[in-house]
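Please treat every number below as a calculation from the coordinates, not as lab data. Computed from a prediction, not measured in an experiment: that's the story for all the values here. Cβ placement follows ideal geometry from the backbone for every residue including glycine, while neighbour counts extend to all protein chains displayed.
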Amino acid sequence: KAGVTQTPRYLIKTRGQQVTLSCSPISGHRSVSWYQQTPGQGLQFLFEYFSETQRNKGNFPGRFSGRQFSNSRSEMNVSTLELGDSALYLCASSLDGQPNQPQHFGDGTRLSIL
Amino acid sequence: DAKTTQPTSMDCAEGRAANLPCNHSTISGNEYVYWYRQIHSQGPQYIIHGLKNNETNEMASLIITEDRKSSTLILPHATLRDTAVYYCIVSPHSGGYQKVTFGTGTKLQVIP
């Protein structure tokens, strides 16, 4: 069974640009969550999608947005990039996001802002 | 969400059992204990989870105390590939959705 796939693995952008990251969940998983991981802040929750609807959102500015498609694939977009957005962006999927279901993570997209 | 406390680092000899403790004294009755690990440059990997009974899978065993205030992850025969940061977390209340939050975790070093 294929795991969570994130593309691209690495990305270099400059300040002010925007970026779109993609996530394909495990087949049959309908809940997709996004996280930002940095050495200083650790793992921070961005948002969670289920059945194309955002169910929960973390404390990030509106520059961070996402969406989920009918096949459960998800994208996140960051506009007007800032230096502080350099991080590893992780996507995780589970069956439907209930507390008794583990989340399975992809290997992330490492975003570097110059 | 219940907070967890783990030792900062541990060493384990290759081939021996690695026992990683976690304290979650404020856990609620319907909250699950989860263990993940993260190897450098990779995404976190799910290991095991449980509610109150001990659990075992192909990767590890999870021992939860009767009062559920602490747990131990056991890697029965540690290998060099088990060197990673191990995170113990507690899931949100039932009826909510999962939002994984890692603490500082335990850095396990498996020594040849």
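Per residue of peptide A:33-45, the mean number of Cβ atoms on other chains within 10 Å of the residue Cβ is 3.
If r is the Cβ-Cβ distance from residue B:111 to residue A:7 and R0 is 41 Å, what FRET efficiency results, to the nearest 0.05?
0.65
With coordinates expressed along the principal axes, the C-alpha atoms belonging to chain A extend over 38, 27, 26 Å, beginning with the largest. Applying Stokes-Einstein at 20 °C and 1.002 mPa s to the Kirkwood radius of region B:1-111, computed over alpha-carbon pairs, gives a translational diffusion coefficient of 153 µm² s⁻¹.
Note on residue A:69 and residue B:25: their simple-model spin labels are 5.0 nm apart, each label 7 Å out from Cα toward Cβ. Cysteine residues of chain B whose Cβ has no partner cysteine Cβ closer than 4.7 Å: B:12. Amide H to amide H distances under 5 Å link residue A:108 with A:6, A:91, where only residues 5 or more positions off or on other chains count and H is placed in the peptide plane.
Averaged across the residues of B:37-45, what count of C-beta atoms belonging to other chains lies within 10 Å of each residue's C-beta? Numbers along the way, then the final one.
Values: counts 0, 4, 0, 0, 4, 5, 14, 11, 5.
Per residue, the average neighbour count from other chains is 5.
Sorting A:23, B:12 from the fewest to the most surrounding beta carbons within 10 angstrom yields B:12, A:23. Relative to the Cα centre, the charge distribution of the protein assembly as shown, modelled as +1 at Lys and Arg Cβ and -1 at Asp and Glu Cβ, gives a dipole magnitude of about 460 debye. For region A:1-84, trypsin sites (Lys or Arg not before Pro) are listed when DSSP marks them as loop and at most 13 other Cβ atoms sit within 10 Å of their Cβ; the list is A:1, A:9, A:15, A:63.
Less than 5 angstrom separates the built amide H of residue A:47 from those of A:34, A:58, all sequence-distant by 5 or more or on a different chain.
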